[in-house]
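Note sheet for the following structure.
Here, each number is a calculation from the coordinates, and none is a lab measurement. Note that the structure is a prediction, hence the values are computed from the model and not measured. We place every Cβ from the backbone using ideal geometry, glycine too, and count neighbours over all the protein chains shown.
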Protein chains: 2
Amino acid sequence: MSSPQTSPEPEQEATSSPTWQQIVEAHALIAAHIHRTPVLTSQTLNRISNAQLFFKCENFQKTGSFKIRGAANAILSLSAEDARRGIVTQSSGNHAAAVACAAAWRNTRAWIVMPENSPRVKCDAVKAFGGKITFCEPTLTARKETATKIQAETGATLVHPYDDDRVITGQATAAKELLADYSDLDAILAPVSGGGLLSGTCLSARHLKPSIRLFGCEPAKADDAYRSLQSGILQGIDSSDTIADGLRACLAPRTFAILRRELSGVLLVNEEEIISAMRFLWERMKIVVEPSSSIAVAPLLKPGGLASLNLPPRSDGAPPKIGIILSGGNVDLSSLPFSRA
Amino acid sequence: MSSPQTSPEPEQEATSSPTWQQIVEAHALIAAHIHRTPVLTSQTLNRISNAQLFFKCENFQKTGSFKIRGAANAILSLSAEDARRGIVTQSSGNHAAAVACAAAWRNTRAWIVMPENSPRVKCDAVKAFGGKITFCEPTLTARKETATKIQAETGATLVHPYDDDRVITGQATAAKELLADYSDLDAILAPVSGGGLLSGTCLSARHLKPSIRLFGCEPAKADDAYRSLQSGILQGIDSSDTIADGLRACLAPRTFAILRRELSGVLLVNEEEIISAMRFLWERMKIVVEPSSSIAVAPLLKPGGLASLNLPPRSDGAPPKIGIILSGGNVDLSSLPFSRA
């Protein structure tokens, strides 16, 4: 909670949010290119959480995270002329790989600005898809300036990691699939960083089940969304060293506007809880997820975690059904945070 | 290949192999207690192997490995009187947890003899299911003697990890499910240690697809099955320090008899190849598998790996379809073999 507060970035004002029709169109555009990821369950995790949990496994998604949904929608919907000039973006990792991958599908170039402390495995993925990396200081300011400079030099189209309606509608397709498989969810928990995944989740879920409760899960060490929702004023963080390396960005006006309207709350998770939840998912569910994903189940592994969501009782008397979006599985296996317990 | 050769253990002579009808009955007995595990595919692994691979994910099975299939069949089929006196077994880990779990289902006790170098995560699992562990020296001789002593003292029923028809028929249900999902496989690769999984796989697969090719994958550091099949005489190994801790046992007459009849070959894999395949499955498929599992795909990740299987061409001209049994996912996350590359 000691992260430096800065003024929010001077983004353009958010306009109206994407519509359900746009989400349906995005899904139609990208479906043949991405995986319909499975939804897994775990009796052990149900028992510990006193809930019925449904894990949407975007760690199994192409490029190893949900980010390909938004990147694919943004890049596949470009005109041939725009696509020809290439794509530029800035990202700490998963969006970077997704843009490089989708750019390769369009047979065009991708310039990727990455903070110099990005995990090597994420840099390697960008290179594997043929993306050209420019490293910068690990601050949002440096990332933005570097991307703007490249955009000016090359004429490439900027595909922002979250402050972009095409990206948000792409990310919205994960919750659309989850609710198509399990329409009866009482709540969904998803990680929040820039808010692309979470705001897209809100749009799909609110349309498909109006009464659903929606929660963001955020590192206490990068708590801008929590503070923004509490204060009603968009707050910033210029840098954070949370282990959840995918969650070091902060909301934009566009995502903030959606979250203010739809979210029931932001749940803060400390570093130890993130790592413990990650270890739990690896050991018990035998799946590889990154810290930015395990954060979305961490609140339910704490004593009293379920009660803190304050969900209304189900009419069938069963434990609440909660969707968890496991956003990605890109971790550097050479430097894992598991020490001998 | 430098492991000390010992005389084979003086097991009883193998009689006739389990029948298809017994496998069907075993499946009916255990199906409600175990998971129908998913079969995963990976375009990346298909590309690298020049084959179509179908991964039967027993790492997602209850207790984290296929071993619950055989243990459940053996223990659920006991008479009430036999069950009451409890179960004893010796195992380096996964069979231990499986016996403890299935014994708990029967509300009876389980005495488990484990070599003192068993992974802690596997010991913890036994304890979590209420099993009582007795540690012994890490040799097959010590394991066997200790189990026999406990059996004499308690009157418990011995459930051998593999030299038991009820166990073999239970393990056979994994390949039965795999071929029910994908009947068109040209070959199946599975790890081999004592041969319970592999001989069960042979029985199911040969019945369901008589022309199928069947291969065992074995650590070069514990190559008794390879040498047994080569020489036609059952060979032994009293101890091995292969990282594939589930593959340190050796064939019994019962499993050897089945493998001699059904197997196309044993593929030897060195330690580096086991670790490299494990890392590959974790990084690319985002699943947690143990070294004893990754060994079953390792031969196909080598240059010329597919050719070494010498499979006949498919009539449809497509790449061969190969089933891989990923036997388990119980690893100690505190001591992983991944160093900075």
| query | Rounded to the nearest 500, what is chain A's calculated 222 nm mean residue ellipticity when only DSSP H runs of at least 4 contribute -39500 (n - 2.57) each, over all residues? | reply | -12000 deg cm²/dmol
| said: Could you check the spin-label model distance between B:T44 and B:R284? Points 7 Å from the Cα along Cα→Cβ, value in nm. | reply: 0.7
| For peptide A:280-287, how many partner chain Cβ atoms fall within 10 Å of a residue's Cβ, on average? | 6
| field | Rel. contact order, % - alpha carbon contacts under 8 angstrom, at least six apart, the range A:67-158 | value | 31
| field | Partners for A:K56 among aspartates and glutamates (Cα-Cα distance below 16 Å; same-chain residues under 8 apart left out) | value | A:E177, A:D181, A:D184, A:D186, A:E290
| task | Kindly flag which residue pairs out of A:K286/B:K176; A:K221/A:K321; A:K209/A:K321; A:K221/A:K302 have an alpha-carbon separation exceeding 21 Å in this structure. | result | A:K286/B:K176; A:K221/A:K321
| remark: Sorted shortest first, the nm distances from the B:A307 label point (7 Å along Cα→Cβ) to its counterparts in the other copies are 6.7
| Straight-distance crosslink candidates among lysines, where the alpha carbon sits under 28 Å from B:K149 and sequence neighbours closer than 8 are dropped | B:K67, B:K122, B:K127, B:K132
| query | Given DSSP loops and a limit of at most 12 other Cβ atoms within 10 Å, what is the longest stretch of chain A that contains no such trypsin sites (Lys or Arg not before Pro)? | reply | A:37-339
| query | Hey, rough spin-label estimate for A:S183 and B:D82, points 7 angstrom out along Cα→Cβ, what's it come to in nanometres? | reply | 4.9
| Inter-copy separations for A:S264, label at 7 Å along Cα-Cβ, nm, ascending | 5.4
| query | Between A:R261 and A:A104, what length comes free when the chain is fully extended (0.36 nm per residue of separation minus the Cα-Cα distance, one decimal in nm)? | reply | 52.9 nm
| Between B:E145 and B:S315, what length comes free when the chain is fully extended (0.36 nm per residue of separation minus the Cα-Cα distance, one decimal in nm)? | 56.0 nm
| message | If neighbour count is taken as other Cβ atoms inside 10 Å, put A:S308, B:S193 in order from fewest to most. | response | A:S308, B:S193
| Classify the range B:67-158: rounded, prolate or oblate, from the alpha-carbon gyration tensor (a ≥ b ≥ c, eigenvalue square roots; a/c under 1.5 rounded; otherwise prolate if a/b is larger than b/c)? | oblate
| query | Given a cut-off of under 8 Å on Cα pairs at least six residues apart, what relative contact order in percent is computed for chain B? | reply | 23
| said: Label position 7 Å from Cα toward Cβ: report the copy-to-copy distances for B:N46 in nm, one decimal, ordered from shortest. | reply: 3.2
| task | Scale the Cα Rg of the protein assembly as shown by the rule-of-thumb value 2.2 N^0.38 Å and send over the ratio, two decimals. | result | 1.01
| query | Given N residues in chain B, what is Rg(Cα) / (2.2 N^0.38 Å)? | reply | 0.92
| note | Quick shape check on the range A:182-341: root eigenvalues a ≥ b ≥ c of the Cα gyration tensor, a/c under 1.5 is rounded, otherwise prolate if a/b tops b/c, else oblate, and it reads oblate
